[in-house]
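The values are calculated or read from the model by the stated rules, or taken from the named source; none is laboratory data. The structure presented is a predicted model; accordingly, all values stated were derived computationally and were not measured. Methodologically, a virtual Cβ is constructed for each residue, glycine included, from the backbone with ideal geometry; neighbour enumeration extends over all protein chains shown. With ligands, DNA and RNA removed, areas are computed over all heavy atoms of the protein, side chains included. Shrake-Rupley method; radii C 1.70, N 1.55, O 1.52, S 1.80 Å.
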Amino acid sequence: MLTGTGVTRPGVRVIEYRLDGSGEDTVYRLVTTVCDPGQAPAVELAALYHQRWEIENTLDEIKTHQGGRQLVLRSQYPDGVEQEVYGFLLVHHALRDLMHQTAQEAGLDPDRISFTRTLNAARRHVTGQAAPSPLTTDPGLPAHSP
């Protein structure tokens with residue numbers, strides 16, 4: 001999966017590695033203050049760093065693309081905020097599952113399918129996009145209380 005070597009300099013350690021099987025010949029460099037290779041082998045650090053960026057990309061998908069630049073959670077109560085966050089996570093999971101299924105059917109790597117394009121396609125096909133506040137109530141009903 002990953003091949004790498006570590007070079008130690010005073011106070012820092014530079015790890016150079018390539019992603020095996022990616023078809024790229026790009027050399028990545030990771031600089032760390034963990035200088036002891038026995039404590040953190042180069043291959044492990046490279047794999048963890050690559051995994052960290054997968055997590056960062058997922059957070060970007062949810063916050064920037066799915067939620068939009070003006071994302072504000074509408075609920076004024078903790079339970080409502082929790083419900084909205086779960087809603088965002090469920091939609092993200094559904095989109096990623098759709099991307100995975102599409103990639104499998106096409107014989108592609110799921111990472112090659114664009115999240116943004118999938119999201120935009122889903123938005124075009126959703127008919128009821130109106131999203132009233134989760135606390136909107138009928139005027140004849142008692143007001144919501146936490």
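Summing charges over all other residues whose Cβ lies under 14 Å from the Cβ of I113, with Lys and Arg as +1 and Asp and Glu as -1, gives -2.
Beyond 22 Å, what share of the Cα-Cα pairs of region 3-126 is found? Please give it as a whole percent. Pairs farther apart than 22 Å: 54 percent.
Solvent exposure of L108, expressed as accessible area, is near 90 Å², computed with a probe of 1.4 Å over the protein chains only.
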